[in-house]
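Below: the structure, in structure tokens.
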Amino acid sequence: MAEFLARSLLQLIGLEVVAVMRRETLNESGWMRYDIGKELGSLCARNKDGSFATQANRASILNQAAKALQKAGYKNLAARSLKPKHVHCLLEAWKAQKLSVGTIKNRMATLRWWAEKVGKPNVVPRTNDEAGISRRSYVGKETKAQAIEPAQLAKLSHERLQVSIALQAAFGLRREECLKFQPDYAIQGDVLRLKGSWCKGGRERVVPILSDQQREVLERARALAGNGSMIPPDKSYKEWLATYEKATNLAGMHQLHGLRHAYAQARFEALAGFKAPLAGGPSRDSLTKEQKQLDYDARMTVSAELGHGREEVTAVYLGR
């Protein structure tokens, strides 16, 4: 009887349609119950700002935020009920995870997007300084380079994912680049040409093909993708990215951006003739004048191959 009366009241005040649209339900007491994960999913579905990659990344960040808020006890939160305490909760959780400053800044930008879409732009600090987020340091203190063993790749049931990750390791590709990779377009003689639409910031670039191991990976990619990309024909980028994330997590493969770090350090050593500081090589201060020039030239080449173009960014990968 109580449930019937509650439903009748909702119909009278016109909220039942809103409840369905927002995926809201009633709890046993007749109060509206919210699922912040579904709410944020709906918010993303209604607001398709940016490229497909931007949308997918935003949805992933908001999904993580929803889980973190629920874990912190906010189990009945509507997207439009975002408050400073929720932002503070997420910020502290990210700091506790020891995420990089750059990663936290990216996530804060997504929170600002959320706040703007629900009409609460002032809930999230407008600047990172106001949020107490320090300026990003481009000098790495310890190496993040990692390698992937064949046995680890074998844990992935999808061969396309195995080869995509092998491409990351062989050419220092970003995650989006290795998934959108089109062998027929990219393989051009002794270089790979990466389309701007695959790359961060839309900056196309060229990466050299230098070894038989790299060519072997490329042949596997060509055999799987044909004249398409590493994304299966029946999947969208967003769907395949979700598959990538789930499969790598189940296989215990985390922080695969470290493959770019390993590529950068190996390329630096090949170009400069000595190891990068984070790989156990000499610091810049200890180099001779001639070595400093070699160091600078190698860093600029590595930066270009990674898709940055600035020497200072290489300190993240190589150290000083």
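Quick note: the coordinates plus some simple rules give every number you see, no bench work behind them. Given the structure is predicted, the values throughout are model-derived calculations rather than measurements. Ideal geometry is used to build each Cβ from the backbone, glycine not excepted, and the neighbour counts take in all protein chains shown.
A few comments on the model shown:
- Dipole of the chain, positive direction: furthest Cα of G41, G252, P208, with charges on the beta-carbon: G41
- In a simple Cβ point-charge model (Lys, Arg +1; Asp, Glu -1; nothing else charged), the chain has a dipole of about 900 debye relative to its Cα centre.
- Under 15 Å, Cβ to Cβ, from A145 - net charge with Lys/Arg +1 and Asp/Glu -1: +2
- Of L218, L90, L250, the one that fluctuates the most in a GNM where the chain has Cα springs shorter than 10 Å: L250
- Cα gyration tensor shape of the range 163-214, rounded if a/c is under 1.5, else prolate or oblate by comparing a/b with b/c: oblate
- Counting only lysines at least 8 places from K289 when in the same chain, those with an alpha carbon closer than 26 Å to its own are K141, K275.
- Kirkwood hydrodynamic radius of the range 156-250, from inverse mean 1/r over distinct Cα pairs, in Å: 13.3
- Folded to 0 to 90 degrees: helix 258-272 orientation relative to the chain principal axis, Cα: 20
- With Cα atoms as the point set, the radius of gyration and Dmax of the chain evaluate to 23.5, 86 Å.
- Computed from phi, the 3J(HN,Hα) profile of the range 275-288 under the Karplus parametrisation 6.51, -1.76, 1.60 (θ = phi - 60°) reads 6, 6, x, 6, 9, x, x, x, 6, 4, 4, 8, 7, 6 Hz, with x in place of Gly and Pro.
- Shape of the range 57-109, Cα gyration tensor, a/c cut at 1.5: prolate
- Relative to the current alpha-carbon distance between D234 and M300, full extension at 0.36 nm per residue lengthens the span by 19.8 nm.
- All lysines inside 23 Å of K67 as judged from Cα atoms, apart from same-chain residues fewer than 8 positions distant: K38, K48, K75, K83, K85, K95, K98, K105, K117, K120, K238, K246
- All-pairs Cα distance distribution in the range 258-318, expressed in whole percent, bin size 5 Å: 4, 22, 36, 26, 10, 2, 0
- Computed helical MRE - 222 nm, the chain, DSSP H runs ≥ 4 contributing -39500 (n - 2.57), nearest 500: -16500 deg cm²/dmol
- Cα centroid separation - the range 74-138 against the range 203-264, whole Å: 30
- Residues whose amide H lies under 5 Å from that of I209, counting only those 5 or more places away or on a different chain, are V191, L192; hydrogens are built 1.01 Å from N in the peptide plane.
- Global form of the range 205-255, assessed from the alpha-carbon gyration tensor, a/c cut-off 1.5: oblate
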